[in-house]
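Colleague: Here's a structure for you.
The values are calculated or read from the model by the stated rules, or taken from the named source; none is laboratory data. In this text, all values refer to a predicted model and were calculated from it rather than measured experimentally. Because the Cβ atoms are built from the backbone with ideal geometry, glycine has one as well, and the counts that use them run over all protein chains shown.
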Amino acid sequence: IGARVLCRAGGERSIAAWVRNQSFLSAHAAELWFAPPPQAEEVELHVAWPGGAIERFAGPARGSVELIEGRGEAAAWPDS
């Protein structure tokens, strides 16, 4: 909660933040979604963690990954 992510792919960039909902008894998935441009083959993710650390992750533009602070590499999720 509180991480900010910058995604760069195919010459474009987008930013998203994962924050906790403020409403009582409400929640959302612990996921951020990015849609790289169709021509992008690789993405670069820069994560600003709540504690102040910044990490860079890189990988293919398609698919899902899990980013865990301090690991330095993205773990691929199997396609569902």
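Colleague: Which residues, counting only those in segment 1-16, are among the basic types (Lys, Arg) and either over 15 Å from Ala58 (Cβ atoms) or modelled with pLDDT under 90 (or both)?
Modeller: Arg4, Arg13
Colleague: Counting only residues that are part of a loop (DSSP other than H, G, I, E, B) and closer than 15 Å to Ala16 by Cβ, which one in segment 51-67 is farthest from the chain's Cα centre (by Cα)?
Modeller: Ser64
Colleague: Could you check segment 40-71 and list, in sequence order, the residues that are among the small types (Gly, Ala, Ser) and within 25 Å of Gly11 (Cβ to Cβ)?
Modeller: Ala40, Ala48, Ala58, Gly59, Ala61, Gly63, Ser64
Colleague: Is it the case that some residue within segment 29-50 is at pLDDT below 75, out of contact with any strand residue (DSSP E or B) (no Cβ under 7 Å at 6 or more places or on another chain), exposed (fewer than 14 other Cβ atoms within 10 Å of the Cβ) and part of a loop (DSSP other than H, G, I, E, B)?
Modeller: Yes, that holds for at least one residue.
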